[in-house]
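*Asks:* Can you read through this structure? Questions will come right after.
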């Protein structure tokens with residue numbers, strides 16, 4: 001399903017997508033299109049893209065094709081989702097200890113919509129860290 005989502009092929013394109021979006025949350029999925037975890041995540045992202053188009057925009061970035069951000073954002077996992085608003089990285093407290101990113105596939109569409117909406121509402125108020133509507137601290141329960 002990744003072919004239905006917009007892909008950013010260069011570091012410059014990633015930067016421009018983050019910088020030029022003024023009033024929506026930019027959701028970046030870093031990973032590989034052929035990875036099974038990314039396939040699951042891409043299917044969810046593709047299905048919610050039209051629902052969140054008013055307050056969020058979703059992009060996919062292949063971390064081997066665009067390696068510029070791997071070290072900066074510590075992109076060592078198979079699939080990673082990060083949120084940006086007005087050229088600022090928005091951290092999200094998921095209860096997992098890693099507030100910078102989501103490094104697993106969220107299979108529930110409504111959960112991901114709620115996360116993007118939570119990031120949008122918090123970022124509009126000027127917050128750099130928002131609290132997730134659901135606690136993911138219990139291992140293997142997400």
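The values are calculated or read from the model by the stated rules, or taken from the named source; none is laboratory data. Please read all numbers here as calculations on a predicted model, not as lab measurements. With ideal geometry, Cβ positions are generated from the backbone for all residues, glycine too; neighbour counts draw on all protein chains shown.
*Asks:* In region 89-115, which residues are part of a helix (DSSP H, G or I) and either closer than 20 Å to residue 69 by Cβ or out of contact with any strand residue (DSSP E or B) (no Cβ under 9 Å at 6 or more places or on another chain) (or both)? Give the derivation first.
*Replies:* Initially, region 89-115 is screened for residues part of a helix (DSSP H, G or I), giving 109-115.
Correct list: 109, 110, 111, 114.
*Asks:* Which of the following residues is free of Cβ contacts under 8 Å to residues at least 60 places away in the same chain, touching a strand residue (DSSP E or B) at 6+ places or on another chain (Cβ under 6 Å) and loosely packed, with under 13 Cβ neighbours inside 10 Å: 75, 129? Lay out the reasoning, then the answer.
*Replies:* Details: 75 fails: loosely packed, with under 13 Cβ neighbours inside 10 Å.
None of the other options fit; the residue is 129.
*Asks:* Which of (1) touching a strand residue (DSSP E or B) at 6+ places or on another chain (Cβ under 7 Å); (2) under 21 Å from residue 76 (Cβ atoms); (3) touching a residue at least 40 places away in the same chain (Cβ under 8 Å) is the odd one out, the single condition residue 56 does not satisfy?
*Replies:* (2)
*Asks:* Of all residues in region 78-91, how many are modelled with pLDDT of 90 or more and closer than 21 Å to residue 46 by Cβ? Talk me through it step by step, then tell me what you get.
*Replies:* So in region 78-91, the residues modelled with pLDDT of 90 or more come out as 79-91.
Next cut, closer than 21 Å to residue 46 by Cβ only: 79-84.
Matching residues across region 78-91 total 6.
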